[in-house]
Amino acid sequence: MYKSKIIGLGKYVPDHIVTNDDLTKYMDTNDQWIRERTGIEERRWAQPGDGNTSATMGVKAAKIALERAKLTPKDIDFIVFATLSPDYYFPGSGVQVQELLGCDTIGALDVRNQCSGFVYALATADQFIKTGMYKNILVIGSELQSTGIDLSTRGRGVGVIFGDGAGAVVLTRSDDDSEIMSNHLHSEGKHAKELTVLAPGGPNPPKKLVEDWDPEDLSYYPYMNGNFVFKHAVTRFPEAIMEGLKAHNLTPADIDILIPHQANLRISQFVQRKLKMRDDQIMNNIQKYGNTTAASIPIALTEAWEQGRIKKGDLVVTAAFGSGFTWGSNIIRF
Ligand code: UT7
């Protein structure tokens with residue numbers, strides 16, 4: 001059995017900043033409510049004509065990760081792309097990355113696990129390297145969510161939260177002590193409808209593709225039972241982290257940095273208090289980017305690394321919870 005390790009990280013967010021005050025142009029909301037309930041101060045939204053899509057933003061993040069890994073697209077054996085907002089309903093966006101980067105005709109797999117998407121994607125890539133099937137894998141989390149938001153007051157419960165962006169890592173076969181130590185993945189499908197976009201799809205009545213889109217049909221917009229999701233999140237985050245730590249006889253005190261999915265600053269603060277962790281042990285950047293779903297962990301991981309907060313040998317733990325419900329963690333010796 002081989003081991004895998006991260007050798008390159010990259011992130012990309014659109015240039016256009018949307019402040020909380022900007023949102024008051026569309027809906028009845030205010031800066032104070034958004035800051036107090038979520039911690040978010042601003043987010044990035046792609047703009048018409050800037051060329052940003054989930055695939056193209058993923059490519060921009062991937063190019064940086066590849067450069068830092070000192071690899072080229074031709075060195076990559078496989079692509080794992082996590083998103084809830086692929087450019088097309090199908091195919092997924094991994095194939096676009098293969099094309100846009102100019103990789104050989106390697107496999108490309110899309111992971112549809114929403115906020116837990118990157119945790120699942122990293123775990124998936126890790127298995128392919130562990131078995132020896134592939135040596136270098138590009139793992140991307142990317143989201144263009146701003147175009148699918150209900151910007152009216154009706155949608156303000158979720159509309160103020162989401163942002164656009166992408167993060168990527170290059171995973172390679174490890175020949176030293178750096179490794180993905182373990183992955184811990186969970187789901188509970190009975191809560192699938194608590195955080196969902198129902199259309200297109202759905203058996204009763206059948207929802208068609210975009211030609212039938214009706215702006216008044218709420219099933220085309222994200223729905224979140226916010227309080228319900230919040231309560232589950234503050235239970236599942238610590239569970240996933242502790243499960244991973246216990247597998248290696250470690251404790252929260254051993255974590256050099258926790259990279260939680262950036263769902264809500266209050267959730268991260270709750271987790272920090274519950275696990276009795278110091279401020280310097282946890283990465284929060286939701287203030288600047290909002291909740292970027294599958295992109296939030298690779299963006300935060302990259303930013304922590306760029307800030308010098310991750311060094312070789314550090315114990316880095318990721319954790320996520322979201323739609324599905326799905327949740328999980330990756331335990332990483334950097
Ligand atoms: O990333 C995937 C997982 N997602 C999460 O983990 C998110 C979990 N949930 C949350 O983060 C929070 O539930 C929210 C941030 C979404 C909402 O915060 P909350 O403290 O649960 O607020 P609430 O939904 O209970 O709403 C409280 C009040 C309501 O007014 P009334 O009924 O008390 O008069 C809402 O109508 O706040 C109102 N409200 C708003 N007011 C201003 C809801 N959204 C807004 C808004 N601006 N954007």
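Values quoted throughout were computed directly from the atomic coordinates according to the rules given, and no laboratory measurement underlies them. As the structure is a prediction and not an experimental result, all values here were calculated from the model. Using ideal geometry, Cβ is built from the backbone for each residue, glycine included, and neighbour counts are taken over all protein chains shown.
Its Cα gyration tensor gives the chain an equivalent ellipsoid. The semi-axes, each the square root of 5 times an eigenvalue, are 29, 24, 19 Å from largest down.
Full extension of the chain between S219 and D280 yields a length gain of 17.9 nm, computed as 0.36 nm times the residue separation minus the alpha carbon distance.
Dimensions of the stretch 109-170 based on its C-alpha atoms, expressed as ranges along the principal axes with the largest first, amount to 51, 15, 14 Å.
Rg and Dmax over the alpha-carbon atoms of the stretch 153-199 stand at 18.2, 53 Å. Model label sites at D15 and L198, defined 7 Å from Cα along the beta-carbon direction, differ in position by 4.1 nm. Between amide H atoms placed 1.01 Å from N, distances below 5 Å from A108 occur with I79, all of them 5 or more places distant or on a separate chain.
Hull volume per residue, based on the alpha-carbon atoms of the stretch 69-125 and their convex hull, is 83 Å³.
For the residue pairs K74/K312; K11/K70; K70/K135; K70/K312, the C-alpha atoms sit more than 23 angstrom apart in K74/K312. Between the stretch 302-334 and the stretch 153-198, what is the separation of their alpha carbon centroids in Å? Value for the Cα centre distance between the two parts: 11 Å.
Annotation: amide H of A82 within the under-5 Å range of V111, I140, G141, S142, sequence separation 5 or more or interchain, hydrogens built in the peptide plane. Looking at the chain alone, DSSP beta bridges between its own residues are antiparallel in about 70 percent of cases. For the stretch 4-175, the Kirkwood radius over C-alpha pairs fed into Stokes-Einstein at 4 °C and 1.567 mPa s yields D = 77 µm² per second. Here the spin labels are modelled as points 7 Å beyond Cα on the Cα-Cβ line, and at K311 and A247 they lie 2.7 nm apart. About its Cα centre, the dipole of the chain is roughly 880 debye, where the only charges are +1 on Lys and Arg Cβ and -1 on Asp and Glu Cβ. Only alpha carbons enter this Debye calculation for the stretch 180-333, each as an equal point scatterer, and the log10 of I(q)/I(0) it gives at q = 0.12 Å⁻¹ is -0.56.
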